[in-house]
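Working notes, beginning with the structure itself.
Rule-based calculations on the coordinates, nothing more; no lab input. Since the structure is predicted, the reported quantities are computational estimates derived from the model, not experimental observations. Don't worry about glycine lacking a Cβ; one is built from the backbone with ideal geometry, like all the others, and counts go over all protein chains shown.
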Amino acid sequence: MGKTLAYKILEDHLVKGEMVPGTEITIKMDQTLTQDSTGTMVYLQLEAMGIEHVKTELSVAYIDHNTLQTGFMNADDHAFIKSVAKRHGILYSKPGNGICHQLHLENYGKPGKTLLGSDSHTPTGGGIGMIAIGAGGLDVAVAMAKGIYSLTVPKVINVKLSGSLQPWTSAKDVILKVLQELSVKGGVGYIVEYTGEGVKSLSVTDRATITNMGAELGATTSVFPSDERTKEYLTQEGRPQDFVPLTADEDAVYDKELDIDLSTLVPLAAKPHMPDNVDTVENIGRIKVDQVAIGSCTNSSYVDLMKVAAILKGKKVHPDVSLVISPGSSRITEKLATNGAMADMIAAGARIIENACGPCIGMGQSPKSGAVSLRTFNRNFKGRSGTLDADIYLVSPETAAISAIEGVLTDGSKTGLEMPEVTMPDFEINDNFMIYPDGTNTQNTEVEMGPNIKPFPLNTPLTDTVRAKVCLHPGDNITTDDIMPSDSRLLPYRSNIPHLADYCFEKIDGEFAARCKEARECAIVGGENYGQGSSREHAALAPLYLGVKFVIAKSFARIHRSNLINSGIIPLVFKNPVDYDDFEIGQELVIENAIEQVTSDKIKVKNTATGKEYDTAANLLGLELEMILAGGKINYLNAQD
Ligand code: MIC
Ligand code: SF4
């Protein structure tokens with residue numbers, strides 16, 4: 001029986017276990033990446049492990065999220081990460097170099113390699129034929145310390161592409177189409193593998209847009225084959241030697257299939273407030289637009305921005321629109337500056353901001369009250385922009401640029417305007433923003449710890465009776481942005497859990513933190529896809545700090561579930577999802593014989609307020625069980641030494 005590309009790469013890295021879906025395997029991790037908003041925790045944890053040199057082939061620490069530096073906190077975090085990087089042989093990418101995923105693709109992504117990143121959009125690397133997985137910070141710290149990562153073997157969906165894209169439609173429309181078909185939870189437990197004739201028509205940066213936003217499907221990762229287009233990209237980036245051809249076997253068997261004819265796609269948009277709330281731009285209609293933001297790890301490549309520049313050239317941004325552009329990397333900005341494209345953007349009235357995540361994570365550029373903002377980003381969760389009542393639509397760079405000129409949401413293919421062809425040039429390598437470990441005397445490097453960097457909270461081993469008060473009952477599709485909001489006010493406190501914890505669930509229920517502090521031992525009762533979105537382990541660490549013992553939900557998102565387990569918080573699923581409706585804030589829940597029960601496939605939770613008992617399951621695989629018993633991953637690892 002033929003093999004999928006995903007399984008070939010995983011098998012190639014197998015350290016423990018077998019490729020049986022639903023079972024646990026351990027794989028060798030060739031590379032890791034971190035970014036600064038999750039990175040400080042990662043490096044605090046790495047320091048706690050007492051290692052010398054990292055065990056990976058390559059580990060990179062990027063600074064791209066917290067670049068506003070509105071106080072000393074961000075700069076202190078950067079200095080801390082830089083010092084730890086030097087101590088352990090990790091490459092350090094200075095602020096201003098660009099967004100981690102774009103930079104990693106340009107500089108270090110290699111077909112056939114594995115990559116673990118403390119950011120949910122790490123699967124961007126799948127565009128170049130890697131198995132690139134997003135994970136919680138602690139998992140990335142362990143991958144650096146031991147060179148391995150454990151995961152549940154996913155199934156594989158085949159997205160079979162045929163045809164080629166029409167002018168004014170692009171890679172963003174492909175992934176929006178996939179999201180429309182599969183939904184934000186359709187990828188949970190799967191790797192999404194792209195095959196078919198249509199693959200050839202997509203460049204590596206197109207593919208990276210698609211695999212990047214595969215994170216919004218809840219998938220473990222997404223992957224494209226490595227072919228002539230991959231070779232072409234690596235050559236343009238000055239790394240032809242990194243190319244290896246890779247593809248699935250002709251007769252590979254997949255668990256699910258989705259066919260997409262690229263020629264039939266039209267410009268699409270994800271409407272507020274979910275990435276899978278997709279419709280055609282034409283159906284949504286010519287709604288008035290207040291802001292257009294172009295950039296993010298999804299759509300900030302050279303070709304994307306050259307298309308934007310070509311659309312803007314000689315035109316004027318609509319008087320009622322604020323257009324802001326953040327390029328993906330210093331290399332791209334430099335090229336746009338020297339070839340005149342940036343001048344075209346500025347002349348049209350665009351605001352050019354730093355090569356960083358910026359508005360995508362609410363670091364500036366929040367739209368006005370009640371605004372309509374078109375963004376080429378990947379998430380439009382309510383409030384993520386920093387403006388709670390803004391309506392965010394996710395669109396392609398082409399749709400964003402033409403709409404910025406028209407002042408209304410516009411389907412470019414209906415304008416009669418020609419969409420200019422853009423090709424990628426060869427890039428000269430300039431790594432002046434990179435600091436490479438020098439390999440000498442690194443262990444003597446002093447770790448720079450600013451006053452805002454506080455120790456991370458630790459759980460205690462599981463007790464036999466777990467008693468907790470329901471402190472939240474929030475409904476379906478709760479995102480990690482809901483659990484632990486991030487914006488310019490809170491991102492500077494990513495190294496300070498006690499401070500951050502006071503804002504936990506702030507946007508959903510301002511009383512949550514106070515309620516937990518009063519109850520001391522708490523539980524959350526959630527709906528479907530609880531914890532979707534980012535990889536931030538702060539969405540587990542803040543609840544841990546506030547005394548959350550377990551979460552019962554209808555279902556969990558992959559990375560958040562792992563982060564809960566790493567923190568020793570039990571993720572329970574209802575055997576009978578309608579039971580969710582029975583619960584109320586303030587009720588006391590009890591798990592008796594917890595130590596024995598967590599090892600079984602049924603865990604009884606009693607609601608002492610009503611006397612009713614509910615069947616739930618934690619479905620813990622080998623290592624996961626050990627971690628829950630020990631009170632989290634750090635306690636488990638310490639007990640091994
Ligand atoms: C995001 O896009 O939500 C982030 C900010 O990049 C997060 C990481 C974080 O919360 O720091 C992610 O995607 O994992
Ligand atoms: Fe940065 Fe946004 Fe990408 Fe997250 S999704 S890594 S915040 S650009």
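Principal axis analysis of the Cα atoms in segment 498-564 yields extents of 29, 20, 20 Å, listed in decreasing size. Relative intensity of segment 395-547 on a log10 scale, I(q)/I(0) at q = 0.14 Å⁻¹, equals -0.88, per a Debye sum over C-alpha point scatterers of equal strength in the absence of solvent. Under a 5 Å amide H cut-off, with hydrogens placed 1.01 Å from N, Glu511 pairs with nothing among residues at least 5 apart or on other chains. Its Cα gyration tensor gives segment 195-282 an equivalent ellipsoid; the semi-axes, largest first and in whole Å, are 26, 17, 14. Taking amide H atoms as placed 1.01 Å from N in the peptide plane, the amide H of Leu572 lies under 5 Å from those of Val551, Ile552, Ala553, each 5 or more residues away in sequence or on another chain.
Whole-Hz Karplus values for segment 322-338 come out as 9, 9, 10, 10, 10, x, x, 7, 5, 4, 5, 4, 4, 5, 5, 6, 7 Hz, taken residue by residue from phi with 6.51 cos²θ - 1.76 cosθ + 1.60 and θ = phi - 60°; glycine and proline positions read x. Specify the inter-centroid distance of segment 6-52 and segment 147-195, based on alpha-carbon positions, in whole Å. About 22 Å separates the Cα centre of segment 6-52 from the one of segment 147-195.
Nearest 5 percent is fine: what portion of the DSSP beta bridges confined to segment 503-641 is antiparallel? Could the numbers behind the result be given before it?
Numbers: 8 of 17 bridges.
Antiparallel bridges make up about 45 percent of those DSSP assigns within segment 503-641.
Using only alpha-carbon positions, what ratio does the radius of gyration of segment 1-150 give when scaled by 2.2 N^0.38 Å? Write down the numbers at each step before the final one.
Values: Rg = 15.5 Å, N = 150, 2.2 N^0.38 = 14.8 Å.
After normalising by residue count via 2.2 N^0.38 Å, the value is 1.05.
For the chain, a simple Cβ point-charge model (Lys and Arg +1, Asp and Glu -1, everything else neutral) yields a dipole of about 760 debye relative to the Cα centre. A simple rule links phi to the HN-Hα coupling: the Karplus curve 6.51 cos²θ - 1.76 cosθ + 1.60 with θ = phi - 60°, which for segment 291-306 gives 9, 10, 10, 10, x, 6, 5, 7, 9, 9, 6, 4, 5, 4, 6, 5 Hz, with x for Gly and Pro. Beta bridges per DSSP, both residues in the chain: antiparallel share near 35 percent.
Taking the Cβ of each residue in Ser300, Ser413 as the centre, tally the other Cβ atoms inside 10 Å and list the residues starting with the fewest.
Numbers: Ser300 32, Ser413 19.
Least crowded to most crowded, the residues run Ser413, Ser300.
So for Asp206, Asp641, fewest C-beta neighbours within 10 Å to most, what's the order? If you can, show how the numbers build up before the last one.
Values: Asp206 22, Asp641 6.
So the ranking, lowest neighbour count to highest, is Asp641, Asp206.
This model, with +1 at the C-beta of Lys and Arg and -1 at the C-beta of Asp and Glu, gives segment 116-183 a dipole about its Cα centre of some 160 debye. Taking the C-alpha atoms only, the angle from helix 36-48 to the longest principal axis of the chain is near 40 degrees. Spread over its residues, the convex hull of the C-alpha atoms of segment 524-640 is 100 Å³ per residue.
Considering the chain, its Cα convex hull presents a mean projected area of 26.1 nm².
Across every pair of different alpha-carbon atoms, what Kirkwood hydrodynamic radius in Å does segment 109-150 reach? The partial results should precede the final answer.
Values: mean 1/r = 0.0987 Å⁻¹.
For segment 109-150, the Kirkwood estimate is 10.1 Å.
Over 25 Å apart at the Cα level, from the set Lys507/Lys633; Lys28/Lys554; Lys110/Lys335; Lys28/Lys604, are Lys507/Lys633; Lys28/Lys554; Lys28/Lys604. The helix-only estimate of mean residue ellipticity at 222 nm for the chain, built from DSSP H runs of length n ≥ 4 each weighted as -39500 (n - 2.57), is -8000 deg cm²/dmol after division by the residue total.
The charge dipole of segment 1-143, taken about the Cα centre with unit charges on the Cβ atoms of Lys, Arg (+1) and Asp, Glu (-1), comes to about 300 debye, rounded to the nearest 20.
Please identify every one of the GluC sites (Glu not before Pro) in segment 44-90 that sits in a loop by DSSP and has no more than 15 other beta carbons within 10 Å of its own beta carbon. Don't skip to the end; give the middle numbers.
Details: sites: Glu47, Glu52, Glu57; in loops: Glu52, Glu57.
Hits after loop and neighbour filter: Glu52, Glu57.
Which value in Å is the Kirkwood Rh of segment 421-486 over different Cα pairs?
Details: mean 1/r = 0.0502 Å⁻¹.
Computed over segment 421-486, the radius equals 19.9 Å.
When each of Met29, Met419 is scored by the number of other beta-carbon atoms lying within 10 Å, the sequence from fewest to most is Met419, Met29. For the chain, the longest principal axis of the C-alpha atoms and the axis of helix 72-88 are separated by about 80°.
Which whole number in µm²/s is D for segment 275-391 by Stokes-Einstein, with the Kirkwood Rh taken over Cα pairs at 10 °C and 1.306 mPa s? It comes out at roughly 108 µm²/s.
Considering Cα pairs under 8 angstrom that are at least six residues apart, work out the relative contact order of the chain and quote it in whole percent.
Working: 1671 pairs, mean separation 91.4, N = 641.
Reported as a whole number, the value is 14 percent.
When the charge dipole of segment 1-139 is built from unit charges on Cβ atoms (+1 for Lys and Arg, -1 for Asp and Glu) and taken about the Cα centre, the candidate among Tyr43, His13, Asn74 whose Cα reaches farthest toward its positive end is His13. Placing one equal scatterer on every Cα of segment 68-157 and applying the Debye formula, the log10 ratio I(q)/I(0) at q = 0.21 Å⁻¹ is -1.21. Proximity of backbone amide H atoms, modeled 1.01 Å from N, is registered between Gly631 and Leu462 at under 5 Å, excluding neighbours fewer than 5 places apart on the same chain.
The share of C-alpha pairs in segment 233-310 whose separation exceeds 22 Å stands at 56 percent. When the charge dipole of the chain is built from unit charges on Cβ atoms (+1 for Lys and Arg, -1 for Asp and Glu) and taken about the Cα centre, the candidate among Ser369, Ile508, Gly117 whose Cα reaches farthest toward its positive end is Ser369.
The simple Förster model, with R0 at 22 Å and r as the Cβ-Cβ distance, assigns Lys155 and Lys16 a FRET efficiency of 0.65.
Computed over the alpha carbons of segment 150-239, Rg followed by Dmax gives 13.4, 42 Å.
Beta bridges per DSSP, both residues in segment 514-589: antiparallel share near 0 percent. Rounded to the nearest 10 degrees, what's the angle between the helix 397-406 long axis and the longest principal axis of the chain, both from Cα atoms, 0 to 90? With both axes taken from Cα atoms, the answer is about 60 degrees.
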